[in-house]
Amino acid sequence: MKTAIACVVTAALGLTPTVLLAAPPHVHGVGILQLVLDENSLSMELHLPAIDVVGFEHAPSDPQQREAVQKAVAMLKDASQLLVLPRDAQCTAAPAVVSSELLPTGYSRPADTTETEHADRDADHDHEAGHEHADFDVSYRFDCRRPDLVEDVTILLFKQLPKLERLDVDMATPGGQDRQRLTPEQDSIDLP
Ligand SMILES: [Zn+2]
(Lines give C-alpha, C1' and ligand atoms only; values in the text may rest on other atoms or scores of the structure.)
Protein backbone atom coordinates (compact mmCIF):
# COMPACT_ATOMS: atom_id res chain seq x y z
CA MET A 1 0.00 0.00 0.00
CA LYS A 2 2.76 2.43 0.89
CA THR A 3 4.58 1.52 -2.29
CA ALA A 4 1.46 2.17 -4.30
CA ILE A 5 1.03 5.58 -2.69
CA ALA A 6 4.67 6.39 -3.32
CA CYS A 7 4.27 5.51 -6.99
CA VAL A 8 1.21 7.71 -7.34
CA VAL A 9 3.09 10.59 -5.76
CA THR A 10 6.06 9.91 -7.98
CA ALA A 11 3.93 9.95 -11.10
CA ALA A 12 2.21 13.13 -9.99
CA LEU A 13 5.53 14.88 -9.51
CA GLY A 14 6.92 13.60 -12.77
CA LEU A 15 10.02 12.16 -11.15
CA THR A 16 12.00 9.29 -12.49
CA PRO A 17 10.14 6.28 -11.05
CA THR A 18 13.26 4.18 -10.68
CA VAL A 19 14.53 6.52 -7.98
CA LEU A 20 11.52 5.96 -5.76
CA LEU A 21 10.79 2.29 -6.25
CA ALA A 22 9.92 1.62 -2.63
CA ALA A 23 8.87 3.67 0.34
CA PRO A 24 12.01 4.63 2.23
CA PRO A 25 12.65 2.67 5.43
CA HIS A 26 12.19 4.38 8.77
CA VAL A 27 15.38 4.17 10.83
CA HIS A 28 16.00 6.55 13.70
CA GLY A 29 19.10 8.68 13.13
CA VAL A 30 19.00 8.11 9.39
CA GLY A 31 17.54 10.50 6.84
CA ILE A 32 16.99 9.82 3.16
CA LEU A 33 17.37 12.28 0.32
CA GLN A 34 16.30 11.53 -3.23
CA LEU A 35 17.73 13.97 -5.75
CA VAL A 36 16.70 14.18 -9.39
CA LEU A 37 18.18 16.59 -11.91
CA ASP A 38 16.11 16.63 -15.11
CA GLU A 39 16.84 19.38 -17.63
CA ASN A 40 16.45 22.64 -15.69
CA SER A 41 14.57 21.08 -12.82
CA LEU A 42 16.35 19.99 -9.66
CA SER A 43 14.15 18.22 -7.15
CA MET A 44 15.03 16.84 -3.75
CA GLU A 45 12.78 14.71 -1.58
CA LEU A 46 13.90 14.61 2.02
CA HIS A 47 12.61 12.02 4.49
CA LEU A 48 13.44 12.36 8.17
CA PRO A 49 12.23 10.34 11.18
CA ALA A 50 10.23 12.79 13.29
CA ILE A 51 12.15 11.74 16.39
CA ASP A 52 15.31 13.21 14.88
CA VAL A 53 13.51 16.45 14.05
CA VAL A 54 11.38 17.22 17.10
CA GLY A 55 12.22 14.41 19.53
CA PHE A 56 8.86 12.63 19.39
CA GLU A 57 6.69 10.79 16.89
CA HIS A 58 3.18 11.31 18.19
CA ALA A 59 0.74 14.13 17.55
CA PRO A 60 1.86 17.14 19.59
CA SER A 61 -0.02 17.09 22.88
CA ASP A 62 0.93 20.40 24.49
CA PRO A 63 1.83 23.94 23.38
CA GLN A 64 5.56 23.25 23.63
CA GLN A 65 5.32 20.28 21.28
CA ARG A 66 3.10 22.19 18.87
CA GLU A 67 5.67 24.98 18.81
CA ALA A 68 8.47 22.47 18.21
CA VAL A 69 6.60 21.11 15.18
CA GLN A 70 5.96 24.58 13.77
CA LYS A 71 9.61 25.56 14.25
CA ALA A 72 10.72 22.38 12.53
CA VAL A 73 8.43 23.06 9.56
CA ALA A 74 9.80 26.60 9.23
CA MET A 75 13.37 25.32 9.42
CA LEU A 76 12.81 22.57 6.85
CA LYS A 77 11.03 24.94 4.46
CA ASP A 78 13.97 27.30 4.35
CA ALA A 79 15.83 25.78 1.43
CA SER A 80 18.25 28.69 1.23
CA GLN A 81 19.51 27.87 4.73
CA LEU A 82 19.65 24.10 4.30
CA LEU A 83 20.81 23.52 0.74
CA VAL A 84 23.82 25.22 -0.78
CA LEU A 85 24.00 25.01 -4.57
CA PRO A 86 26.78 26.33 -6.82
CA ARG A 87 26.08 30.02 -7.39
CA ASP A 88 26.93 29.80 -11.09
CA ALA A 89 24.13 27.29 -11.66
CA GLN A 90 21.65 30.14 -10.98
CA CYS A 91 19.03 28.01 -9.27
CA THR A 92 15.81 29.53 -8.00
CA ALA A 93 13.94 27.75 -5.23
CA ALA A 94 10.22 27.11 -5.41
CA PRO A 95 8.40 27.06 -2.06
CA ALA A 96 9.23 23.83 -0.24
CA VAL A 97 6.40 21.56 0.84
CA VAL A 98 6.59 19.90 4.25
CA SER A 99 4.29 17.07 5.22
CA SER A 100 4.18 15.02 8.39
CA GLU A 101 1.84 12.87 10.38
CA LEU A 102 2.50 15.34 13.20
CA LEU A 103 0.82 18.17 11.33
CA PRO A 104 -2.92 18.67 11.85
CA THR A 105 -3.48 18.89 8.08
CA GLY A 106 -1.68 17.87 4.95
CA TYR A 107 -0.76 14.35 5.89
CA SER A 108 1.57 12.91 3.35
CA ARG A 109 0.20 9.47 4.06
CA PRO A 110 -1.70 7.78 6.85
CA ALA A 111 0.39 6.55 9.75
CA ASP A 112 0.05 2.81 9.81
CA THR A 113 2.22 0.70 12.04
CA THR A 114 1.33 -2.50 10.24
CA GLU A 115 2.97 -1.24 7.08
CA THR A 116 5.84 0.78 8.51
CA GLU A 117 9.16 -0.94 8.36
CA HIS A 118 10.30 -0.97 11.96
CA ALA A 119 13.99 -1.20 11.34
CA ASP A 120 14.66 -0.13 14.91
CA ARG A 121 12.25 -2.60 16.50
CA ASP A 122 14.94 -4.18 18.60
CA ALA A 123 16.91 -1.04 19.18
CA ASP A 124 17.19 0.53 22.59
CA HIS A 125 14.32 2.89 22.10
CA ASP A 126 11.48 3.59 24.46
CA HIS A 127 8.53 3.61 22.13
CA GLU A 128 5.35 2.76 23.97
CA ALA A 129 3.48 -0.35 22.93
CA GLY A 130 1.42 0.36 19.85
CA HIS A 131 3.26 3.60 19.21
CA GLU A 132 3.30 4.74 15.63
CA HIS A 133 6.31 6.07 13.84
CA ALA A 134 6.17 9.36 12.01
CA ASP A 135 8.28 11.23 9.51
CA PHE A 136 8.85 14.67 8.14
CA ASP A 137 8.83 14.65 4.35
CA VAL A 138 10.01 17.71 2.46
CA SER A 139 9.87 18.42 -1.27
CA TYR A 140 12.37 20.94 -2.59
CA ARG A 141 12.22 22.24 -6.16
CA PHE A 142 14.75 24.41 -7.95
CA ASP A 143 14.74 25.82 -11.44
CA CYS A 144 18.36 26.12 -12.61
CA ARG A 145 19.46 28.20 -15.58
CA ARG A 146 22.74 26.30 -15.80
CA PRO A 147 21.91 22.79 -14.53
CA ASP A 148 25.20 21.54 -15.99
CA LEU A 149 26.93 23.56 -13.26
CA VAL A 150 25.09 21.83 -10.42
CA GLU A 151 28.08 19.67 -9.62
CA ASP A 152 27.71 19.51 -5.87
CA VAL A 153 25.20 20.27 -3.13
CA THR A 154 26.03 20.99 0.48
CA ILE A 155 23.34 20.02 2.96
CA LEU A 156 23.41 21.93 6.22
CA LEU A 157 21.04 19.63 8.04
CA PHE A 158 23.32 18.10 10.64
CA LYS A 159 23.88 21.42 12.40
CA GLN A 160 20.13 21.85 12.71
CA LEU A 161 19.41 18.28 13.76
CA PRO A 162 22.06 16.96 16.16
CA LYS A 163 20.25 13.61 16.46
CA LEU A 164 20.66 12.94 12.77
CA GLU A 165 23.58 10.59 12.29
CA ARG A 166 23.60 10.16 8.56
CA LEU A 167 21.79 11.01 5.37
CA ASP A 168 21.60 8.45 2.58
CA VAL A 169 21.40 10.22 -0.76
CA ASP A 170 20.15 8.67 -4.01
CA MET A 171 20.82 10.74 -7.09
CA ALA A 172 19.67 10.57 -10.70
CA THR A 173 21.03 13.10 -13.18
CA PRO A 174 21.73 13.13 -16.93
CA GLY A 175 25.22 11.98 -15.91
CA GLY A 176 23.96 8.81 -14.28
CA GLN A 177 22.89 7.51 -10.91
CA ASP A 178 24.80 7.44 -7.68
CA ARG A 179 24.34 6.85 -3.98
CA GLN A 180 26.29 8.68 -1.31
CA ARG A 181 26.20 8.72 2.45
CA LEU A 182 26.49 12.00 4.28
CA THR A 183 27.54 12.43 7.89
CA PRO A 184 28.14 15.47 10.11
CA GLU A 185 31.77 15.33 8.97
CA GLN A 186 30.91 14.98 5.26
CA ASP A 187 27.94 17.12 4.32
CA SER A 188 28.51 17.67 0.61
CA ILE A 189 27.44 15.44 -2.28
CA ASP A 190 29.01 15.29 -5.73
CA LEU A 191 26.46 14.75 -8.49
CA PRO A 192 27.15 12.09 -11.12
ZN1 LIG B 1 10.20 6.05 14.66
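The values are calculated or read from the model by the stated rules, or taken from the named source; none is laboratory data. The structure displayed is predicted, hence computed values, not measured ones. Reconstructed Cβ throughout: ideal geometry from the backbone, glycine too, with neighbour counts over all protein chains shown. With ligands, DNA and RNA removed, areas are computed over all heavy atoms of the protein, side chains included. Shrake-Rupley method; radii C 1.70, N 1.55, O 1.52, S 1.80 Å.
Remarks
- A cut-off under 13 angstrom between Cβ atoms defines the neighbours of Leu82, and their net charge, with Lys, Arg +1 and Asp, Glu -1, is 0.
- Atom-type composition of the exposed protein surface of segment 130-192 places 42 percent of the accessible area on carbon and sulfur (1.4 angstrom probe).
- The packing ranking, built from the mean of other Cβ atoms within 10 Å per residue, places the peptides 26-35, 144-153 in the order 26-35, 144-153, highest first.
- Net charge over other residues, Cβ less than 9 angstrom from the Cβ of Pro174 (K, R count +1; D, E count -1): -3
- Local net charge near Val153, Cβ-Cβ under 11 Å (Lys/Arg +1, Asp/Glu -1): -4
- Solvent-accessible ranking of His47, His133, largest area first, probe 1.4 Å: His47, His133
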